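Step one of this worksheet: look at the structure below.
The values are calculated or read from the model by the stated rules, or taken from the named source; none is laboratory data. Just so it is clear, the model here is predicted, and its values are computed rather than measured. Quick reminder, even Gly has a Cβ in these numbers, built from the backbone with ideal geometry, and neighbours come from all protein chains shown. Please note that ligands, DNA and RNA were not included when accessible areas were found on the heavy atoms of the full protein model with its side chains. Shrake-Rupley method; radii C 1.70, N 1.55, O 1.52, S 1.80 Å.
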Amino acid sequence: MGDVRPKESFDTELAMKLTIGIKVFNEAARIGRAIETALEAAAPYGGEILIADSGSTDGTLEIALRYDVKIVQLANPSERSCGAGAQLAYMFARGEFFYLLDGDMEIDPSFLPCAIPFLETHLDFAGVGGRVEEANVENHEFRTRKINAERRCAYYPRLIDRLDCGGLYRVSAVKQSGYFADRNLKSFEEFELASRLIADGWKLTRLDVPAVVHYGHTSESYKLLRARFLSGYANGVGQVSRAILARPRGRQALSKLTQFWTCAVVVIWWAAILALTVLAVSDWHYLAYLLVAIVLPVLFLMLRRGSVQAGLYSFVAWNTVAIGFFAGFAASRRSPTERLEAVIIRG
């Protein structure tokens, strides 16, 4: 039986150099390797491994219990989100530095020996990441992620505006910002965190060293897109936009979110299509303009992605995210500083 802890009892004191938090939900296929690589990486620092489970039902916890790790679980699975999982792991962390790992990732043993000294000697940096290797590129989303990551490698090290797919954070900097991850966010929790840290005067960067291998989803592209729409993951742009705009200087931070501007472009395109549709009823010349307006974005994305299939997928994905934007922006919010109720499985 787990121990349900009251909200007020989560405060802990920093007691060690490093905490690696692993957020999981139904990761039975990969959680063993995630824990093993985390244990190996943390051992030189006497660090702790903390599993933050969002209500797994596939045997993830049974596998995790085989290892010498701490395990906590959301008391209310209906609160499950990317932000809540990350915040749950951080709430129990006792390290001076905190690394957040997903349950389908493996941390590279060469990363922390570079990252920790970097933060110890660069006191104006709140976080540092490394190269992320996408192991599964069967679908268009993760194939595009891999291509973009490889392009960015040419520019390391430089200042960046987020640490997607994880990074090592200075806990004192996170405490200054109030919390680690916004519990309301289905996605973009790393960007929201980075925007607060940067607003407080901190810096972020990536080093040109391997950090993690990410296995990700192997679902067919459109099945994954459908699942993300139904789960609310596609609402993340709207959720994070609302969260950031509620803060002082929020517009400046939001200007760096590419996906926000993508949604804006799609909405403008919708308005143009609607207007041309109305005009085409009374003047056939506008019918030609309408056809051009519909075809041009698809052709542009095909050329940009380098294939017909990838271009069509991007076209559908952009429209899906734009639809989700409105649902996410209108969604109800709880205070991100409010403590999550948790069950301690092994503490």
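Quick notes
- Among PHE25, PHE92, PHE315, residue whose mean-square fluctuation peaks in a GNM of the chain (springs only between Cα atoms under 10 Å): PHE315
- Stretched out straight at 0.36 nm per residue, the stretch from ASP124 to ALA199 would grow longer than its current Cα-Cα span by 25.7 nm.
- Only Lys, Arg, Asp and Glu carry charge here, each on its Cβ (+1 for the first two, -1 for the last two); on that basis region 92-132 has a dipole of about 80 debye about its Cα centre.
- Compared with the alpha-carbon gap, the fully stretched path from SER307 to GLN252 is longer by 16.4 nm at 0.36 nm per residue.
- Cα-based shape type of region 70-141, given that a ≥ b ≥ c are square roots of the gyration tensor eigenvalues and the cut on a/c is 1.5: oblate
- Region 247-286 and region 290-342 have Cα centres spaced 12 Å apart.
- Over region 201-295, volume per residue of the alpha carbon convex hull, in Å³: 196 Å³
- The loop-placed trypsin sites (Lys or Arg not before Pro) in region 216-255, going by DSSP, that have at most 15 neighbouring Cβ atoms within 10 Å of their Cβ come out as ARG249.
- Cα convex hull of the chain - mean projected area over all directions, nm²: 18.3 nm²
- Note on region 301-347: dipole from Cβ charges, positive end direction compared against GLY328, ALA310, VAL343; the farthest Cα belongs to ALA310.
- Only protein atoms count toward the accessible area here, which uses a 1.4 Å probe; on the chain, the carbon and sulfur part of that area reaches 60 percent.
- About its Cα centre, the chain has a charge dipole of approximately 940 debye under the convention of +1 per Lys or Arg Cβ and -1 per Asp or Glu Cβ, with nothing else charged.
- Among SER187, LEU39, GLY238 - extreme Cα towards positive end, dipole of the chain, charges at beta-carbon: GLY238
- Potential lengthening between ARG158 and VAL298 on full extension [0.36 nm per residue; Cα-Cα distance subtracted]: 47.1 nm
- Sequence of HIS122, HIS285 when ordered by accessible area, the most exposed leading, probe 1.4 angstrom: HIS285, HIS122
- In terms of accessible area, using a 1.4 Å probe and ignoring ligands and nucleic acids, PHE118, PHE329, PHE180 rank largest first as PHE329, PHE118, PHE180.
- Here region 167-273 is assigned +1 on the Cβ of each Lys and Arg and -1 on the Cβ of each Asp and Glu. Its dipole about the Cα centre then comes out at about 240 debye.
- In the chain, lysine pairs closer than 23 Å at Cα, eight or more apart or cross-chain: 20
- Rolling a 1.4 Å probe across the protein heavy atoms gives region 73-137 an accessible surface of 31 Å² per residue.
- Options GLY166, THR205, ALA264, ranked by Cα towards positive dipole end of the chain, top entry (Cβ charges): ALA264
- Every pair of different Cα atoms in region 167-246 enters the Kirkwood calculation, which places the hydrodynamic radius at 14.7 Å.
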